[in-house]
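Notes follow the structure.
Any read-out appearing in this document is the output of simple, stated calculations on the displayed coordinates, not a laboratory observation. This one's a predicted model, so the numbers in the text were calculated from it and none came from an experiment. Ideal geometry is used to build each Cβ from the backbone, glycine not excepted, and the neighbour counts take in all protein chains shown.
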Amino acid sequence: MSKKIIAPSLLAADFANLQRDVEMVNQSEAQWFHLDVMDGVFVPNISFGMPVIRDIAKHAKKTLDVHLMIVEPDRYIETFANLGADVLTVHYEACNHLHRTLQAIKSAGMQAGVALNPHTSVNVLEDTIQDIDLVCLMSVNPGFGGQSFIENTYDKVVSLKRMIKTKGTDTLIEIDGGVNSGNAKKLVEAGADVLVAGSFVFGSENPTETIKNLKKEIA
């Protein structure tokens, strides 16, 4: 897939005007919605849960990319499938039986993603990469929006891309955290396919224009 994807993170949206922000993404050049689900256990923060995602899904007209930053994600796979998730990403660090979890996500009709925290090496995915549709590299420590980008991410992208090519899979590489116009082009050049942008989009004067300019940067 040569087309690079922009996935605005709704964690940074205005929750008092959530429908408005969802409609903005619908009408923008972004292709995905990125939804962060946090439980206050796996990460030190709580975001939103099922009722909010159900409401987002009612209005969203694009791919729903759901990122579970939670313990025991297996318990909720069917739930998120029923809510309309297209891609379901679980954390490597939260799964005791990653292969089984990936199979369960696919059986439920979704694409299977695996997220890695900044300290986790991409090498841990060597035995499962052929079963993974998307790898989400956390480029900030997970749990809070608006953090600054961890520079080591570029090297991780390069290593992961090499592994994907060696194994002959078409796994997508997603970058989540601190993405902006200053690093987007470099990330794509390193091998990234999907860029999650939260504060950079929703904190800007004109989010639609910001998305458009980000797309131009990585075209």
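Values computed for the structure shown
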{"quantity": "Number of positions in region 65-106 that are among the polar types (S, T, N, Q) and closer than 24 Å to GLY198 by Cα", "calculated": "1"}
{"quantity": "Verdict on VAL196 being assigned to a strand (DSSP E or B) and either touching a residue at least 40 places away in the same chain (Cβ under 8 Å) or in contact with a Phe, Trp or Tyr (Cβ under 9 Å, 6 or more places away or on another chain) (or both)", "calculated": "yes"}
